[in-house]
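**Student:** One structure, as structure tokens, below. Some questions next.
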Amino acid sequence: MHDGPEGAATGTVPSGRQFSISHGDATAIVTEVGAGLRELSVAGDAVVWGYPLSEMAGGGRGQLLAPWPNRLEDGTYRFAGLTAHAALDEPDRRNAIHGLVRWLVWSLRDEAADRLTLSCELAPQPAYPWRLALEVTYVLGSDGLVVQATAQNRSSTAAPFGMGFHPYLAAGPLGADGCSLRLGARRHLLCDERGLPFGSASVEGGPYDFSSGRSLAGVHLDDCFTDMAATPDEERPDGSAWHVTLSRPDGSRCTLWADSAWPYVMIYTGDTLAPEDRRRGVAVEPMTCPPNALRSGDSIVTLAAGGRWSGRFGIRALF
């Protein structure tokens, strides 16, 4: 494993040191800031839509989202008699979004040519008054990229917890309109204008039914799905609970799979990004809980004092 392009060191680029791993003709670059996935390619072809070395991770590209993914209403919640207040970093909707660790510097714990482990300890603060230790391991192998995440509550009391990841699968030269999406989810969350869920509905036979694969031409998604079905086909990796496949016009396709620790997935076609970035990738975001979970309590993970959580997902490409 080596530092990434231009030997970037902490402080010289927005995302800090660049850690590169490889296996065969596959290469991934992970950042010191946020332990995010900045690049993933096979034989020079982009598997994820990343971002330049000179930029921050705009649009959440490749970021790790903890101790909550997605949106948090008014940035406030209560748990076990404590009230927490997070900054409203989605101010137009009056939401906090995507947790607290995606802009923190993570420490390198272990490295090899095809794998690396980064860790971060989140100190108690007004937005999250518990001590949380996080670790993420990236491994490149014959089945593509596998990501293992763990969390441990290092407080003396129980803590609420949620996590997500925010990779964009690269859409290719025609953008999202040239791709088709296959997703075996049975339910779609109903959300208000702030992106906060108030219920769910079956997708069967409707506009959110992607179980057989559908073109994304003219389809605009910033939507959460759940009740995930394990689609029985050759793209399903061993140990996965579900997977999402993005297919391009040239027949190439990228698959993101996840184990049962991630019962929700957000699909975002990038329509609210800067004009030059719109629909260049499709975000496929495995999540442990739905948006606003710290506030609603829906599917939130409760970590006992000293308690641990772990989950695994992966990305692989067929070109």
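Just so you know, all these numbers are worked out from the coordinates, no wet-lab data involved. All figures in this text were calculated on a predicted structure; none of them were measured in a lab. Backbone-built Cβ (ideal geometry, glycine too); neighbour counts: all protein chains shown.
**Student:** Order these by the 10 Å Cβ neighbour count, fewest first: His243, His188, His23.
**Tutor:** On the way: His243 25, His188 22, His23 18.
Least to most surrounded, the residues fall as His23, His188, His243.
**Student:** From the backbone phi of the range 123-128, what are the Karplus-calculated ³J(HN,Hα) couplings (6.51 cos²θ - 1.76 cosθ + 1.60, θ = phi - 60°) in whole Hz, Gly and Pro given as x?
**Tutor:** Those phi angles translate into 7, x, 7, x, 6, 7 Hz.
**Student:** Taking the beta-carbon count within 10 Å as an exposure proxy, list Leu82, Leu221, Leu88 from fewest neighbours to most. Show your work: numbers first, answer last.
**Tutor:** On the way: Leu82 13, Leu221 22, Leu88 16.
Listing Leu82, Leu221, Leu88 from fewest to most nearby Cβ atoms yields Leu82, Leu88, Leu221.
**Student:** Related question: Taking GluC sites (Glu not before Pro) as exposed when DSSP calls them loop (any state but H, G, I, E, B) and at most 14 other Cβ atoms lie within 10 Å, what is the longest stretch of the chain free of them, the sites themselves excluded?
**Tutor:** Numbers: sites that count: Glu55, Glu193, Glu204, Glu234, Glu276.
Free of exposed loop sites, the longest segment is 56-192.
**Student:** For each of Phe161, Phe210, count neighbouring Cβ atoms within 10 Å of the residue's Cβ, then give the residues from fewest to most. If you can, show how the numbers build up before the last one.
**Tutor:** Details: Phe161 25, Phe210 22.
Fewest-to-most Cβ neighbours within 10 Å comes out as Phe210, Phe161.
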